[in-house]
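Heads up, the thing below is written out as structure tokens.
The values are calculated or read from the model by the stated rules, or taken from the named source; none is laboratory data. Bear in mind that the values here come from a model prediction, so they are computed numbers and not experimental data. Side chains included, ligands, DNA and RNA excluded: accessible areas come from the protein's heavy atoms. Shrake-Rupley method; radii C 1.70, N 1.55, O 1.52, S 1.80 Å.
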Amino acid sequence: RLLGNLHNLPEGQRQARALLEPLLHGRPDVRRERLATLRAILDQPGLAEAADALGVHRNTVAYRVHRIEQATGWRLSDPELRFPIALALRFVQDE
């Protein structure tokens, strides 16, 4: 229920966009690719599983993750960062 009601949180949409801002620019297809990769990385236990979910090679996912980390300054292996990013993705992708 909590996740289903995320859109009702005050300022949730604005805060989600602010967190994900470095990934929300550029061509729409590139934006979708970044967000899909990020979501796969957060939803799957490893790069191989994320690659399978996306239908791409494991090295492609590793490259995309590297680019996302460069653009944002994040360390996606940090569990304390993964949860807020996952929530922000739900706001942005479910618009």
Ignoring ligands and nucleic acids, GLU33 exposes an accessible area, probe 1.4 Å, in Å² to the nearest 10, of 90
With only helices counted (DSSP H, runs n ≥ 4, each -39500 (n - 2.57)), the per-residue ellipticity at 222 nm for the chain, to the nearest 500, works out to -21000 deg cm²/dmol
The Cα radius of gyration of the stretch 42-95, divided by 2.2 N^0.38 Å with N its residue count, comes to 1.15
For the chain, the per residue accessible area (1.4 Å probe, Å²) is 65
For the chain, the longest principal axis of the Cα atoms and the Cα long axis of helix 58-72 enclose an angle in degrees, to the nearest 10, of 50
Of every hundred units of 1.4 Å-probe accessible area on the chain, the number belonging to carbon and sulfur atoms, as a percent, is 51
In degrees rounded to 10, the 0-90 angle between helix 28-43 Cα long axis and the longest Cα principal axis of the chain is 90
If one compares the long axis through the Cα atoms of helix 79-93 with the longest principal axis of the Cα atoms of the chain, the angle in degrees, nearest 10, works out at 70
With N residues in the chain, Rg(alpha-carbon) / (2.2 N^0.38 Å) equals 1.06
